[in-house]
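Report on one structure; see the data block that follows.
The values are calculated or read from the model by the stated rules, or taken from the named source; none is laboratory data. Because the structure is predicted, anything quoted here is derived from the model rather than measured. Cβ sites come from the backbone with ideal geometry, for glycine too, and all protein chains shown count toward neighbours. Note: accessible area is taken over every heavy atom of the protein model, side chains too, but ligands, DNA and RNA are not part of it. Shrake-Rupley method; radii C 1.70, N 1.55, O 1.52, S 1.80 Å.
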Amino acid sequence: MTGIGTKALLLRWIVAIITVAIGRFVYSGYRSRRQIRALRAQGIPIARHSWILGHIPILLEFRRAHPPDVSPFVSHEWLAENFRRYAPDVEEPPIVIYLDFWPGPSFALVSDPDAIPQFTQDRSLRKFSGLVQFFGPLTSGSDIFTSDGEIWKTWRTRLNPGFSTQNIMTLLPELVEEARVFAVDLCRLAGPGDTWGPVFHLKEKATDLTFDISCRLSMDVKPRQQSVSSDTPFKAVFLDQIRLMYLRNHPFKGRFNALLGSTRARIKKNQNAMCQVLNPLIEAKLLPDTSNTRIKTMIDLALQDEEAKLASQLDPEFMKTLYDNLNILLYAGYDTTASTICFMAKSLQDNADCLAELRAEHDKVLGRFTVSPDAVAAALIADPQLIFSVPYTTAVIKETLRLYPLVSTLRHEDCSGFSLLVPDASPTTYPLDGFAVWVAIFNVHRSAKYWVRPTEFLPQRWLVPKGDPLYPLKDAWMPFLIGPRACPGQEMAMTMLKLASMFTFRMLDVEEAWSEWDTLRYEQGAAATPSQMVKGQRLLKRLSA
């Protein structure tokens, strides 16, 4: 065969391969579009859908109407509120809203408390396949959040005691100390008397608190992030991994950086830096008589039997799984709780009567003159059971989590033959195969179908007896999710939120200070963002003693 003949044959093969690839790509798009049309033919309400673009135009409309960093949960609520724009013949949105974003994943947004347990409890579907890709900089997929099957069962069983009431109460003096430092720091930022202090970013202070607590719980390490003016080296690397996590999954920036390879190199460098911190902690737990028998950290629990200790020394796979779980628990523990502190501050700012009742409860439980951070800490150390004596504070936290939920669950799109059926709500059967199943938690938590006065901040709904119109509907509140995959750290999170409330909101007034913040940003040469709102809301805080 001549050189020309070889080149011609090679060219034919290349053209054939490209043709097959394009054909498969087009056919997968056709299947995705056809699946939506088949659902509409069954009588299921479907939002306006294009053969070419699917539901991508609806997504773009949402993006144009909202800030770039808006929570995806807001899109669920927005779509439900605007569903009639895209399906004029439908009186109200269905309990399952299908979205076709091919060549990305397709979703089924579920917003019915009777339907959600069908795929989270009755049959717990596997986690969404895209989660491992999304959390790649933090975990390889063998952690208790993204994994399934035996890995999940083994490690969930192994780590569960760390979240028990007994372990939390053992850890309480350390939690109290961190909350005291948090309160002292905020008092320094408050103005003297009844005057306002300078504007600052409350979320940063709250994340310092929750990061310090998460490190104690996971590794029995005291990073003292609250006591320094800049991020400690470990936190800086950890936060960089989170930034890369979001950057890598950006539809445009992520692909560009992937081509350059810069993101991959930074992720690997950060992973090595985190291992240099974690390895000595794990090795110390392997030495005789060095394990902390009073507090069971996540490392203690992972290495609690001889077989696990041996595996940690010989099995790289075991160590990778341990790293994955430590990273994912740090991420889950520090960010969501810190954000809830901010939303709780805003809710109390906007509802002065609730703030007054909260303070009255704290006066009753702690003593009217037990106000300073040191005095509150001493009272809680002397009687740890006081943390269980604040029902109104607990109600405030629950109501904050109802209006501002921060987590949801995404389940696997490969669930052949599985459908949802809610006879009391609709006789329609909703097939889920081929769709990533997503709990539309904003829709559940804020719907007038499930809540009386759903958009109002009403902590009393958590204190009324059964039969009262305000009494919560079963399974309509799920900020920590439900079923076997529910968040194991919910009791720890509630304890941290109670402490934050008892130490700070009792003696400090909170106010959003957007005009001052925009002025400060302008003076620093950064762009102010007064137009970036969600339903007229922005969030930053300042304090007054």
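Filter region 316-334 down to residues that are surrounded by fewer than 19 Cβ atoms within 10 Å (Cβ to Cβ) and not hydrophobic (A, V, I, L, M, F, W, C) and give me whichever is nearest to the chain's Cα centre (by Cα). Looking at the filtered set, the residue picked out is K320.
Which residues, counting only those in region 50-74, are of a type in the set (G, A, S) and open to solvent by 20 Å² or more (accessible area, probe 1.4 Å)? So that I can check it myself, show each step before the final result.
Within region 50-74, the first condition is being of a type in the set (G, A, S), and the residues that meet it are 50, 54, 65, 71.
Within region 50-74, S50, A65, S71 meet the criteria.
Please state which one of L175, L109, L138 is at pLDDT below 90, aliphatic (A, V, I, L, M) and crowded, with 21+ Cβ neighbours inside 10 Å.
Values: L175 fails: at pLDDT below 90; L109 fails: at pLDDT below 90.
None of the other options fit; the residue is L138.
Pairing each residue of region 122-144 that is in contact (Cβ under 8 Å) with a residue 24 or more places away in the chain and within 22 Å of Q271 (Cβ to Cβ) with any residue that is polar (S, T, N, Q) and open to solvent by 20 Å² or more (accessible area, probe 1.4 Å), provided the two are 6+ apart or on different chains, yields C-beta distances under 8 Å for Q133/N249; F134/N249; P137/Q271. The single condition among (1) at pLDDT 90 or above; (2) within 18 Å of V439 (Cβ to Cβ) that S129 does not satisfy is (1). Residue selection: V376 satisfies the criterion of being more than 14 Å from the chain's Cα centre (by Cα), open to solvent by less than 10 Å² (accessible area, probe 1.4 Å) and β-branched (V, I, T).
I4 falls short on exactly one of the conditions (1) open to solvent by 60 Å² or more (accessible area, probe 1.4 Å); (2) at pLDDT 85 or above, and that condition is (2).
Taking into account only those residues within region 26-49 that are over 23 Å from F62 (Cα atoms) and either outside any helix (DSSP H, G or I) or touching a Lys or Arg at 6+ places or on another chain (Cβ under 8 Å) (or both), which is least open to solvent (accessible area, probe 1.4 Å)? Before the answer, list the steps.
Filtering region 26-49 down to residues over 23 Å from F62 (Cα atoms) leaves 26-28, 30-31, 34-35, 38-39, 41-43.
With either outside any helix (DSSP H, G or I) or touching a Lys or Arg at 6+ places or on another chain (Cβ under 8 Å) (or both) added as a condition, the list becomes 42-43.
On the way: Q42: 113, G43: 55 Å².
Result: G43.
Going by the conditions given, is E81 modelled with pLDDT of 90 or more, acidic (D, E) and open to solvent by less than 40 Å² (accessible area, probe 1.4 Å)? Here the answer is no, as E81 does not meet what is asked. Whether a residue is at pLDDT below 90, under 18 Å from the mean Cα position of the chain (by Cα) and open to solvent by less than 30 Å² (accessible area, probe 1.4 Å) was assessed, and L209 does not pass this test. Considering region 388-408, the residues that are surrounded by fewer than 24 Cβ atoms within 10 Å (Cβ to Cβ) and within 15 Å of the chain's Cα centre (by Cα) include one that is nearest to C354 (Cα to Cα), namely L403.
Results for (1) open to solvent by 20 Å² or more (accessible area, probe 1.4 Å); (2) outside any loop (DSSP other than H, G, I, E, B); (3) not hydrophobic (A, V, I, L, M, F, W, C), shown as yes or no for each residue.
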{"position": "Q133", "(1), (2), (3)": "yes, yes, yes"}
{"position": "D143", "(1), (2), (3)": "no, no, yes"}
{"position": "S147", "(1), (2), (3)": "no, no, yes"}
{"position": "T154", "(1), (2), (3)": "yes, yes, yes"}
{"position": "T157", "(1), (2), (3)": "yes, yes, yes"}
{"position": "N160", "(1), (2), (3)": "yes, yes, yes"}
{"position": "M169", "(1), (2), (3)": "yes, yes, no"}
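Here region 84-106 is the region considered, the condition is being among the hydrophobic types (A, V, I, L, M, F, W, C) and over 20 Å from G130 (Cβ atoms), and the residue that is surrounded by the most Cβ atoms within 10 Å (Cβ to Cβ) is I95.
Answer yes or no: is there a residue in region 468-475 that is under 27 Å from V371 (Cβ atoms), at pLDDT below 90, in a loop (DSSP other than H, G, I, E, B) and among the charged types (D, E, K, R). No, there is no match, as no residue in region 468-475 is under 27 Å from V371 (Cβ atoms), at pLDDT below 90, in a loop (DSSP other than H, G, I, E, B) and among the charged types (D, E, K, R).
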